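Chemist: A single structure is presented below for examination.
Rule-based calculations on the coordinates, nothing more; no lab input. Keep in mind the model is a prediction, meaning the values are calculated, not measured. We place every Cβ from the backbone using ideal geometry, glycine too, and count neighbours over all the protein chains shown.
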Amino acid sequence: MRNFTGKTGIRVKIARAVFAIINPIISRAFNIVLCATMFNIGRKRGGGLYSYDYIRASSLELIADEINNRKLDGCAAEVGVFQGDFAKNINIVFPDRKLFLFDTFEGFSDKDIKIEDENNFSESVKKDFSAANIEMTLKKMKYPQNCIIKKGYFPDTAQGIDEKFVFVNIDVDLYLPIYNGLKFFYPRLQKGGYIFVHDYNSTLFKGVKEAVKKYAKENDLSYFPLSDHPGTVVFMK
Ligand SMILES: C[S@@+](CC[C@H](N)C(=O)[O-])C[C@H]1O[C@@H](n2cnc3c(N)ncnc32)[C@H](O)[C@@H]1O
């Protein structure tokens, strides 16, 4: 994040503080209006979600409903947790499932950044995720007892896991861990399960699209793009 000094710095700090206060209020109001206009859908919408990204969170909610109603057996996972803001939604919609949470909790790894630089995929080193925090993440969870923290470099941290999965959110921004995420989780996905890959349409992280396209081509798979910010794709088995 850019640092400002002097009067500009104070103004920027005030603007950021005001935004931090009004953003959740606007977001909540927006979601109440959206939910209130949904008729004849046979179920309650909301349930503590949607303070994040309406399209992604509501898609997750609908997908979870399909998985839970079909009583599919398996765990949930997120690769790229940061401070747990999307993970808390996964935790809410899957109250009876284990949730594996993978992150270095120290930001990007040099190994992954090297590939970004060599291929001009992103200026990844400039995005700082070093404020990732396990304690803060667990405090946000409604069912913290379901969470299994896997701290360290993915996919190394996935070694020895032989569970099946019904939902996985891959949100690691960079080409190599995205490709490895699909390689690890798609074969372990139950029939009827889903994988989200965030940032597919991001102009900041161009390696995401490359990784998704490569894995899909190698395995003859199709996927569905969401209109969330900045573009998730959904694989379904
Ligand atoms: C965009 S953030 C995740 C945001 C989070 N899903 C949310 O909704 O707030 C990306 C995270 O991926 C993690 N990450 C990137 N590459 C990784 C790797 N190879 N192994 C483990 N974690 C990684 C970073 O540490 C960072 O916390």
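Chemist: So if we plug the beta-carbon distance of ILE26 and ASP73 into 1/(1 + (r/R0)^6) with R0 = 41 Å, what FRET efficiency do we get, rounded to 0.05?
Modeler: Efficiency, rounded to the nearest 0.05: 0.55.
Chemist: Along the three principal axes, how long is the chain when you take its alpha carbons, biggest first, rounded to the nearest angstrom?
Modeler: Here the spans come out as 57, 48, 32 Å, largest first.
Chemist: Name the residue, out of ILE63, ILE32, ILE14, whose mean-square fluctuation peaks in a Gaussian network model built on the chain with Cα pairs under 10 Å.
Modeler: So, out of ILE63, ILE32, ILE14, the one fluctuating most is ILE14.
Chemist: Show me, bin by bin at 5 Å from 0, the whole-percent P(r) of the stretch 54-139 based on Cα pairs.
Modeler: Bin by bin from 0 Å, the calculated values are 3, 13, 19, 18, 15, 14, 10, 6, 2, 0.
Chemist: Can you check what the net charge comes to around LEU72, using other residues whose Cβ is under 14 Å from the Cβ of LEU72 (Lys, Arg +1; Asp, Glu -1)?
Modeler: Residues close to LEU72 contribute a combined charge of +3.
Chemist: Can you pull the one-decimal nm distance between simple spin-label points at GLU118 and ASP85, each 7 Å off the Cα toward Cβ?
Modeler: About 3.2 nm separates the two model spin labels.
Chemist: Which whole-number percent is the relative contact order of the stretch 70-236 (Cα, under 8 Å, 6+ apart)?
Modeler: Answer for the stretch 70-236 is 24 percent.
Chemist: Another question, if that's okay. Can you find, among PHE94, TYR223, ILE113, the residue sitting farthest towards the positive end of the charge dipole of the chain, where Lys and Arg contribute +1 and Asp and Glu -1 at Cβ?
Modeler: About the Cα centre, the residue reaching furthest to the positive side is PHE94.
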